[in-house]
1. Taking the Cα centre of the chain as origin, work out the dipole magnitude from +1 charges on Lys and Arg Cβ and -1 charges on Asp and Glu Cβ, in debye rounded to 20.
2. Choose one of 17, 62, 6: the residue whose Cα lies farthest towards the positive end of the charge dipole of segment 1-77 (beta-carbon charges +1 Lys, Arg; -1 Asp, Glu; about the Cα centre).
3. Using per-residue counts of other Cβ atoms within 10 Å, averaged over each peptide, order 49-56, 37-44 from highest down.
4. Leaving out ligands and nucleic acids, note down the accessible area per residue over the chain with a 1.4 angstrom probe, in whole Å².
5. Consider all pairwise Cα distances in the chain and report the whole-number % of them above 16 Å.
6. Hey, rough spin-label estimate for residue 43 and residue 15, points 7 angstrom out along Cα→Cβ, what's it come to in nanometres?
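The values are calculated or read from the model by the stated rules, or taken from the named source; none is laboratory data. Please read all numbers here as calculations on a predicted model, not as lab measurements. Cβ coordinates were reconstructed from backbone atoms using ideal geometry, including for glycine residues, and neighbour counts include every protein chain displayed. Heavy atoms of the whole protein, side chains included, go into the accessibility calculation; ligands, DNA and RNA do not. Shrake-Rupley method; radii C 1.70, N 1.55, O 1.52, S 1.80 Å.
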Amino acid sequence: MCRAKLPDSAEKMFDDGCTIGLPIQRRVQQDDGSWGPLSRRQQRQMDEVVRLWEGAAEQGHTLAQHNLGVMYEHGQGVDVNVKKAIECARSRA
C-alpha cells in the first residue's frame, strides 16, 4: 500500500532545529551574548534552523516562535529584522 509522507510535526521540526542550531550557538556566542561571524557551513545550517523553526512556528509552536523572535531581534544567524521579531512576539500572544 502506498502512503504519502506526512509532514513533520511542529515538535519534531523544533527539536531538529535545536539539534542543528544549539551547537553552533555554543561555538559562536560571545560573552556579551552577541554572535561572532559564522562560517559558510554554519550559515547554511542556521538557514536550515530558520526553515525548521518557521515551519514549527506556523503550526503554533511557541518556543519556535520565541526563538525566531530572539534570532531576528539580535541577529543570531540571521540579519537583524525588527519587523520579523515583532511578528514572532505577536504570534505568541
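1. Values: 13 positive and 13 negative charges, 53 e Å.
Computed about the Cα centre, the dipole is about 260 debye.
2. The residue sitting farthest along the positive end of the dipole is 6.
3. Details: 49-56: 21.2, 37-44: 11.8.
So the peptides 49-56, 37-44, ranked by packing, come out 49-56, 37-44.
4. Values: 6380 Å² over 93 residues.
So the chain comes to 69 Å² accessible per residue, rounded to a whole number.
5. Numbers: 2325 of 4278 pairs.
Taking all Cα-Cα pairs of the chain, the fraction more than 16 Å apart is 54 percent.
6. The two pseudo-label positions are separated by 3.1 nm.
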